[in-house]
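Throughout, read-outs are computed from the coordinates displayed, never taken from laboratory work. What you see is a predicted model; the values in this text were computed from it and never measured. When we count neighbours, we look across all protein chains shown, and the Cβ atoms used for this are built from the backbone with ideal geometry, even at glycine.
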Amino acid sequence: MIALEKRPQPSQVWSVATPVIAVLATMVFGGILFAVLGKNPVEAIRTIFWEPLFGEHSFYYRPQLLVKGAPLVLIAIGLSLGFRAGIWNIGAEGQYIMGAIVGAGVGLAFYPMEAWFIFPLMVIAGALGGWVWAMIPAVLKVRFGTNEILVSLMLVYVAEQLLASMSLGLLKNPEGYGFPGSRNLQQYPSAHNADLIEGSGMHWGVVAAMIAVIFAYVLLNRHMRGFHIRLAGEAPRAARFAGVSPPRLILFCMGLSGALAGLAGLFEVSGPSGQISIDFNVGYGFTAIIVAFLGRLHPFGILLAGLLMALTYIGGDIAQSQMGLPAAAIQVFQGMLLFFLLAFDLLTNYRIRIGKAGVA
Amino acid sequence: MTVPLLSIDGLTKAYPGVVANDHVSLEIQEGEVHALLGENGAGKSTLVKMIYGLVKPDSGQMRLRGRPFAPPEPRAARADGIAMVFQHFSLFDALNVAENIALGMEDPPPMRDLASRIRAVSETYGLPLDPFRTVGDLSAGERQRVEIIRCLLQDPKLLIMDEPTSVLTPQEVRILFETLRKLRDEGTSILYISHKLEEIRALCDHATILRLGKNVGECVPSETTAAEMAEMMVGSALQAPERGRRAFGEIALDVTGLSVASPSAFGTPLRNVHLAVRKGEVLGIGGVAGNGQDELLAVLSGELPAEPDAIRLNGVAVGHLGPTERRRLGLLAAPEERLGHAAAPDMSLTENALLTGSVRENLERNGFIRWDAARAFAQRIIEAFDVRTPGPDNAARSLSGGNLQKFVIGREVLQNPEVLVVNQPTWGVDASAAAAIRQAILDLAAGGAAVVCISQDLDELMEISDTFAALNEGRLSAPRPVEGLTVEEIGLLMGGAHGMEVAHV
Amino acid sequence: MDLSAINPVLLLASLMVAATPILLAAIGELVVERAGVLNLGVEGMMIVGAITGFAISVETGSPWLGFLAAAAGGAVLALLFALLTQVALANQVASGLALTLFGLGLSSLMGQSYVGIKPPHFAEIDIPLFSDIPVLGPILFAQDPILYLGLALVAGTWAVLKYTRAGLILRAVGENHDAAHALGYKVVRIRVLAILFGGACAGLGGAYISLVRVPQWTEGMTAGAGWIALALVVFASWKPWRVLIGAWLFGGITVLQLNLQAAGVAIPVEYLAMSPYLVTILVLVILSADKSSAPASLGRTFHAST
């Protein structure tokens, strides 16, 4: 008989070890999945995790790690603050889209004028776009007690429709020969989020992600507001007793995560992607949820998790082109990772005892 | 001698780090009221859970009327005629009385028949109850009746009652005792768990005393003094707290016409509460659980906002202020629920010291936390209040109830409050910790602070308070000096028998 | 624009069809939530049900086997959730999200070779005589069996919850799991069964989309239906008949906006396509004030500590 026994306090060792074990378990079960799909599992795992970093073409893939990792980290940092406080913004995908639309819209409004202030203005607009979109569920929750999970998620679908409408209508490139999609911001220097060092993948979004990581770390570990966020998540009644105002906390966490998701969208649309188009969003907002948990809601953990997840995206692409591994397999792989993480997390708070049963 | 109804022989149950029951043996005869006496943490609950099939013993045997008895689950225990009235956790607020009772029965009859049987039994034993009322709307006493009737409908041979009087007024206790005596006379044995000695002397035929999981003695309560039993229970004679004569100063906390709706679905709103506490005075607020105690604490701590003028601290209107601002002005509080309300279970003691201490102890600067100072404050609490823990980095949930309570009370006391409000300061705490906490409250008052102590333990209130008032259905009686107050008067202030006539027995 | 192209009888008949997937998923989730568990993985279970049902129907030629497989598929995915939340005691919100993300990936992996195929036709039951009644006939008496199953599930769930001991125990577990445990009820076992039932219902709902409503397989075709089903449970205050009303309301809006799109109304297609989601939000706002009917243990982890 196996019994669970609550630890007197969370285990430090396990809280670091569980993500590692989860990654290993995912590799094993992912390998089995790839084998079932008729691919060589060892080859597939090697392609995903090794090739982008140390393979023949790694000079090309390594910058991609930053390009793909930055939005994930940026969004996940914002989400993690809310998750810590028990506020579930799962509509980051929508806030990401809105940040991109508003930011790009502001940039395109100035086209073809060239000026130094255009890009900073776009950054502000992008953050605002995401912020506003996240404030909808936040305000509704504060004002009416509406479930923020459902509202923020519904707004993803609304944002996707808006995106379609924008790329077919208002923001459509007038010189685009009728094709959907906006002008390419990469060809508009004042609005282009270019690599800071040519070919490094290091654009402003990467810088923003780094700042967000440090900001979140200081907030959570040194500031009263961060303490209140953690307190509200662990013991909501104790938080109210300590003087935390739940509405203010909801508005802060939702707003901040929305703004960061909006920033991620803006940096993406003005940089790597270049234009508003129907298929602009690729699910970063959802993958960031995995990143946040995989990083144990800890800023530096999220940084590592974001890079790891970026690796699976890049490696997945390589495996797709070289081995014909379906793109969806990588999605399953990422989902599996979250499963294992949640399952092994048990060990942080509980001890497993094998032996005589204590509970009838 | 006849075969006992239930005989327990060498029952042992160990949990990690603690032996809850260590070779406990006892015998319950047919038709007797048997007391199980012991402090919090003595292992009483574990023992009855084993009898009721909720917990399996590690070793030892039980015999029911001579036959081996080892219920694998409560269902089996119930089938063998064991019934239990729980202290907590066994009613469903959103369901009605009949549904709650049906859930505790093996083969409940259809709802309509059940309802009429409930009415019949409640008549017989003088426990009026409407089968179709929602349980969440009932008073604590009525909720207990639901549990008792649930048991009686199964014609139990052994009725286990876990601390049944902690939720009753003195008048209600008398009615309960009448009911229990009637049951005994009809041949039902009762295992009565309590730490209240006078009750046991009044009701029980035989007593078994547990201390730290061991059976440390037996006695016939009517032939034993309370002091003797107390000594067996605690292991040593306890010192009553010292209370010096004090002169009261000006009014520190003044509450006038305070009415607040309850934030929870089945809570009690406060209705037009008036109270005034002077510097150096301890105001004891009694009352049965669920009569507005949580709401009163929340509205005084600042968790529930009120009209600005309804609460005045040293003449300043503070009703609209939140907990932090009130702390800054010197109004501090310690809620009843330690884990999750007064303290965050998974956070360290340092973080829990920061939880309420940030303003008055200067633990933050421009919003940034001074961790060294917070840790030092936690360390000070640990030392000053003899909190048993390896250090301030340990999580709150790793402390025993008594130690955590000392930490929680100590955290507020050390901040030199002008007014301190505590709710159930010694609930579920061992005797020595309880004594230390009461002493700390008295010392605080002696130092000139005004104290409001909300408690359901009348003995405690008599021991430490200068003035007494009772909460009943959200209304507070007019405060009266404790000196000269009789138990009968207190009971009436608490709502008497809550509209119930003495049982027709 | 030609609004006269919209036939009200056909509109109502297709309203019932459009309502069925979310009705099935929501009634399953209602049972899960009444047992005190919040499973946010409905979307994932639906889409896995959609592809499982589709694939098995295509392979066997039998829609019936397809629906059976869809229920099984949804239940298997739900079992993962049950393991995570009831055995490994993981956070229910996070586990539900994981289930959805995983289900979306898994379904597109499974569905790769099924894109663009037509499933076998699922025959409607024509109830003789009744189906010939003008107006009401085609709306009520000439639908497919799963639609009737959905209605039967609503009635069944209502009756079981209200009148049976099993229903009482389920509600008790959702209301106060500690008390239920103290009385000797197997909280975890009851919850796992409820979760499996919820998964099977969601699977059926998903398959209804891919086999009847569309019928075809495309990636991500549930398009938030699972989330709308979750909202529906809140909307319904955890009461079965209200779920039915809610499902028809949403079905109606979906069908209406599709009809308006087809009729070429001057509102851009994208804004019409948004409407079901916006209405969901609106309804949540209106009905969120009253939370008193939510099961008291909803979303809380149960661990028998003593």
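In whole Å, how far is the Cα centre of segment A:306-321 from that of segment A:223-252?
Cα centroid to Cα centroid, the span is 37 Å.
Ratio to report: Rg/Rh of chain C, with Cα atoms as the point set and Rh obtained by the Kirkwood method; give two decimals.
Across chain C, the Cα-based Rg/Rh ratio is 0.98.
Relative to the first principal axis of the alpha-carbon coordinates of chain A, what is the inclination of helix A:58-85, with its axis defined by its Cα atoms, in degrees from 0 to 90 and to the nearest 10?
60
Quick one: Cα convex hull volume of segment B:6-234, Å³ per residue?
In segment B:6-234, the Cα convex hull volume per residue is 118 Å³.
Sort largest first and round to whole Å: the equivalent ellipsoid semi-axes of segment B:251-493, each the square root of five times a Cα gyration tensor eigenvalue.
Taking √(5λ) for each eigenvalue gives 28, 20, 16 Å, largest first.
Work out, step by step, the length gained on full extension between B:Gln29 and B:Thr324: first 0.36 nm times the residue separation, then minus their alpha carbon distance; give nm to one decimal.
Extra length available between B:Gln29 and B:Thr324 comes to 100.5 nm.
Step by step: find N for segment B:108-261, compute 2.2 N^0.38 Å, then divide the Cα radius of gyration by it. What's the final number?
Compactness ratio reported: 1.39.
Could you give the alpha-carbon Rg of segment A:195-318 over 2.2 N^0.38 Å, rounded to two decimals?
Working it through for segment A:195-318, the quotient is 1.22.
How many partner chain Cβ atoms sit within 10 Å of a residue's Cβ in peptide B:322-329, on average, as a whole number?
3
Quote to one decimal, in nm, the extra length available between B:Trp371 and B:Glu106 on full extension: 0.36 nm per residue of separation minus the C-alpha distance between them.
89.8 nm
Take the alpha-carbon positions of segment B:350-420, form their convex hull, and give its projected area averaged over all directions (one quarter of the hull surface) in nm².
Over all viewing directions, segment B:350-420 projects a mean Cα-hull area of 4.6 nm².
Could you rank the peptides A:197-203, C:42-48, C:243-249 by their average count of other C-beta atoms within 10 Å per residue, with the highest value first?
C:42-48, C:243-249, A:197-203
How long are the semi-axes of the equivalent ellipsoid of segment A:38-325, taking √(5λ) for every eigenvalue λ of the Cα gyration tensor, in whole Å from largest down?
30, 25, 17
Put a dot 7 Å past each Cα toward the Cβ at C:Lys162 and B:Val3; how far apart are the dots in nm?
Computed distance between label sites B:Val3 and C:Lys162 equals 4.9 nm.
Per residue of B:73-79, count partner chain C-beta atoms within 10 Å of its C-beta, then hand back the mean as an integer.
If you average over the peptide's residues, the count of other-chain Cβ atoms is 3.
For the ranges C:77-89, C:108-120, what's the packing order if you count other beta-carbon atoms within 10 Å of each residue, average per peptide, and put the highest first?
C:77-89, C:108-120
Amide H to amide H under 5 Å from B:Val55: which residues, 5+ apart in sequence or cross-chain, H placed 1.01 Å off N in plane?
B:Met50
So, R0 is 35 Å and r is the distance between the beta-carbons of B:Phe266 and C:Leu11; what FRET efficiency does that work out to, to 0.05?
Efficiency at R0 = 35 Å is approximately 0.20.
How much mean residue ellipticity at 222 nm does the protein assembly as shown get from its helices, if each DSSP H run of length 4 or more adds -39500 (n - 2.57) and you divide by all residues, to the nearest 500 deg cm²/dmol?
The per-residue figure over the protein assembly as shown is -17000 deg cm²/dmol.
Evaluate Rg over Rh across chain B, taking Cα atoms for both radii and Kirkwood's formula for Rh.
0.98
Applying 1/(1 + (r/R0)^6) with R0 = 56 Å to the Cβ-Cβ distance of B:Ala276 and A:Glu5, what FRET efficiency is obtained, to the nearest 0.05?
Step by step, r from the Cβ atoms, then E = 0.65.
In a GNM of chain A with a 10 Å cut-off on Cα contacts, which of A:Val36, A:Val218, A:Val28 has the highest mean-square fluctuation?
Evaluated over chain A, the most mobile residue of the options is A:Val36.
Of A:Lys6/B:Lys13; A:Lys6/B:Lys44; B:Lys157/B:Lys182, which pairs sit farther than 20 Å apart, going by alpha carbon to alpha carbon?
A:Lys6/B:Lys44
Tell me the Kirkwood hydrodynamic radius of segment B:402-471 in angstroms, computed as one over the mean inverse distance between distinct C-alpha pairs.
12.1
On a 0 to 90 degree scale, rounded to 10, what angle separates helix B:431-446 from the longest Cα axis of chain B?
30
Which residue fluctuates the most in chain A, going by a Gaussian network model with Cα springs under 10 Å, if the choices are A:Ser257, A:Ser321, A:Ser165?
Highest fluctuation among the options: A:Ser321.
Could you give the angle, 0 to 90 degrees to the nearest 10, between helix A:204-222's Cα long axis and the longest principal axis of the Cα atoms of chain A?
With both axes taken from Cα atoms, the answer is about 40 degrees.
What list of whole percents do you get for P(r) of segment B:280-350, with Cα-Cα distances grouped in 5 Å bins up to the one holding the largest distance?
Distribution as computed: 3, 14, 21, 23, 20, 12, 6, 1 percent.
Given 37 °C and 0.692 mPa s, compute D for segment A:256-335 with the Stokes-Einstein relation, Rh being the Kirkwood radius over Cα pairs; round to the nearest whole µm²/s.
238
At a Förster radius of 30 Å, what calculated FRET efficiency corresponds to the Cβ-Cβ distance of A:Asp279 and C:Thr60, to the nearest 0.05?
Once the sixth-power term is evaluated, E becomes 0.30.
Provide a whole-number value for the mean count of partner chain Cβ atoms within 10 Å of the Cβ atoms in peptide C:265-274.
Across the residues of C:265-274, the mean count of other-chain Cβ atoms within 10 Å is 4.
In nm, to one decimal, how far is the modelled label at A:Tyr60 from the one at C:Leu79, with both set 7 Å along Cα→Cβ?
Each label point lies 7 Å from its Cα, and together they span 4.4 nm.
So what's the net charge close to A:Arg237: Lys and Arg +1, Asp and Glu -1, counting the other residues with Cβ under 12 Å from its Cβ?
Result for the local shell: -3.
Would you mind getting the Kirkwood hydrodynamic radius of segment C:16-108 from its Cα pairs, rounded to one decimal in Å?
Evaluated over segment C:16-108, this radius sits at 13.5 Å.
Putting +1 on Lys and Arg Cβ atoms and -1 on Asp and Glu Cβ atoms, find which of B:Ala436, B:Gly391, B:Ile251 reaches farthest to the positive end of the dipole of segment B:251-493.
Towards the positive end, the residue furthest out is B:Gly391.
Taking Rh as the Kirkwood radius, which is the inverse of the mean 1/r over Cα pairs, what is the Rg/Rh value for segment B:363-505?
1.08
Can you report the principal axis dimensions of the protein assembly as shown using only the alpha carbons, biggest first, rounded to whole angstrom?
Principal extents (largest minus smallest coordinate, Cα): 103, 76, 58 Å.
If the cut-off is a Cα-Cα distance under 23 Å, which lysines reach A:Lys141, setting aside same-chain residues fewer than 8 apart in sequence?
Straight-distance partners of A:Lys141: C:Lys239, C:Lys291.
When the gyration tensor of segment A:91-193 is built from Cα positions, what are the square roots of 5 times its three eigenvalues, in whole Å, from largest to smallest?
Three semi-axes, in Å: 29, 16, 8.
Rounded to the nearest 20 debye, what is the charge dipole size of the protein assembly as shown about its Cα centre when +1 sits on each Lys and Arg Cβ and -1 on each Asp and Glu Cβ?
In debye, rounded to 20, the protein assembly as shown gives about 1080.
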